[in-house]
Amino acid sequence: MNKDKDYYKILGIAADSDKKEIKKAYRQLARKLHPDINPGNKFCEEKFKEVGEAYSILIDDKKRLQYDILRGFINNTGSRATKQTQKAYSTQTTSVPQKTKKENKKFNANFEFFFKGFKTEFSKIFPQNSTEKKSYGEKQKKAPPQKGEDIITEISITITEAQNGTIRKVNILRTETCVKCKGKRTINGSSCNNCSGKGETSSYKQLSVKIPAKVKEGSKIRLIREGNKGINSGENGDLYLLIHIIQNSCFTFDGLHVFCEIPVTPTEAALGAEIQVPAINGFINMKIPAETRSGQKFKLSGEGLPDAHSGKRGDQVITVRIELPSNLTEKEKELYKELAKMRKFNPREHLIFEK
């Protein structure tokens, strides 16, 4: 225990936070700073150790009381308080004498109440006999069950999987009370080597999750009681999967039908060619007939999205766009000039202009 360190500040919590708030703050920081998430990052490694030290002190009633006494986080009721409350109390109880009898009586009552509260708190941690130990143990057993924290994670699926549904395997990092020390963090006065004195352990669990058909971007799937384990026999938290659909800017969709635009060279359009075009499941070959026009559409039957129930597939419609090459060489320019001399062609001759 280092009394010069502000363990509350390290965890980002108030000095009067309860155990639930302490655990929540620790878990969030531990996940963010864990060495497995930040390999080779010395800063995160040191912060991770510092957060663990703060947690091991504040989650332990005995160590926390000793720390609060050293730091002054005790108010006139014998309970933990913020620095501001403690400072106000200190000013009140150490002011200059010359009080009236009524004021002295009130001061003595507050002073006596403070030490009575302190004695009660101290006896919980250092019971004087077996009767007190039993009483405190029984009080601990009566602690109400608490539901475990929920887990939220993101899962990415393809457009086809979103349309038809799928089953995906996901790995979830869950925390639970240490089975060896039962959350007490120590065994026979020594730090538990199973959880490194944290009172809880983290482990990965693999789940097979069914993604329903026609799921939308940003949808949330809830898996009941697949979150972190509950406390004091409380039920587990829930697992929430946020759906992210991987988009391909090449495609647009209308139901099961898929649309895309494909550029071709002037030579391919004029003479015809066999080209590769992107499809839902990879690439397919498509024949371009001679004298193909820019904007002409071609339908590839059965190359769209499959229907999950009937098995029927939609079509893929390809729109051709003729694209001229850039940075023409002198030789290419000469050939284009020669072609222009050989074939007199005016694509605007059918236009009618009003005078």
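The values are calculated or read from the model by the stated rules, or taken from the named source; none is laboratory data. Just so it is clear, the structure is predicted and the values come from calculations on it, not from any experiment. Cβ coordinates were reconstructed from backbone atoms using ideal geometry, including for glycine residues, and neighbour counts include every protein chain displayed.
It is to be established whether one or more residues within the stretch 303-324 are more than 22 Å from residue 259 (Cα to Cα) and either touching a strand residue (DSSP E or B) at 6+ places or on another chain (Cβ under 8 Å) or of a type in the set (Ser, Thr, Tyr) (or both). Looking for residues that are more than 22 Å from residue 259 (Cα to Cα) and either touching a strand residue (DSSP E or B) at 6+ places or on another chain (Cβ under 8 Å) or of a type in the set (Ser, Thr, Tyr) (or both), one finds none in the stretch 303-324, hence no.
Going by what's in this entry, would residue 221 be described as over 30 Å from residue 24 (Cβ atoms), under 29 Å from the mean Cα position of the chain (by Cα) and aliphatic (A, V, I, L, M)?
Numbers: over 30 Å from residue 24 (Cβ atoms): no; under 29 Å from the mean Cα position of the chain (by Cα): yes; aliphatic (A, V, I, L, M): yes.
So residue 221 fails the test.
In the stretch 306-323, of all residues being assigned to a loop (DSSP other than H, G, I, E, B) and at pLDDT below 90, the one that is farthest from residue 292 (Cα to Cα) corresponds to 309. For the stretch 234-272, filtering for residues that are surrounded by 17 or more Cβ atoms within 10 Å (Cβ to Cβ) and either part of a helix (DSSP H, G or I) or free of Cβ contacts under 8 Å to residues at least 40 places away in the same chain (or both) leaves 2.
For the stretch 225-243, the tally of residues that are within 20 Å of residue 208 (Cβ to Cβ), among the small types (Gly, Ala, Ser) and over 14 Å from the mean Cα position of the chain (by Cα) stands at 1. Here is the figure for the stretch 151-190: residues that are exposed (fewer than 14 other Cβ atoms within 10 Å of the Cβ), within 23 Å of the chain's Cα centre (by Cα) and more than 30 Å from residue 306 (Cβ to Cβ) total 1.
Starting from residues that are of a type in the set (A, V, I, L, M) and not in a helix (DSSP H, G or I), keep the ones in the stretch 1-57 and report whichever is farthest from the chain's Cα centre (by Cα). Write out each step before concluding.
Of all residues in the stretch 1-57, those of a type in the set (A, V, I, L, M) come to 1, 10-11, 13-15, 22, 25, 29-30, 33, 37, 51, 54, 57.
Subsequent filtering for residues that are not in a helix (DSSP H, G or I) retains 1, 13-15, 37.
Numbers: 1: 32, 13: 21, 14: 24, 15: 27, 37: 13 Å.
Among those residues, the one meeting the criterion is 1.
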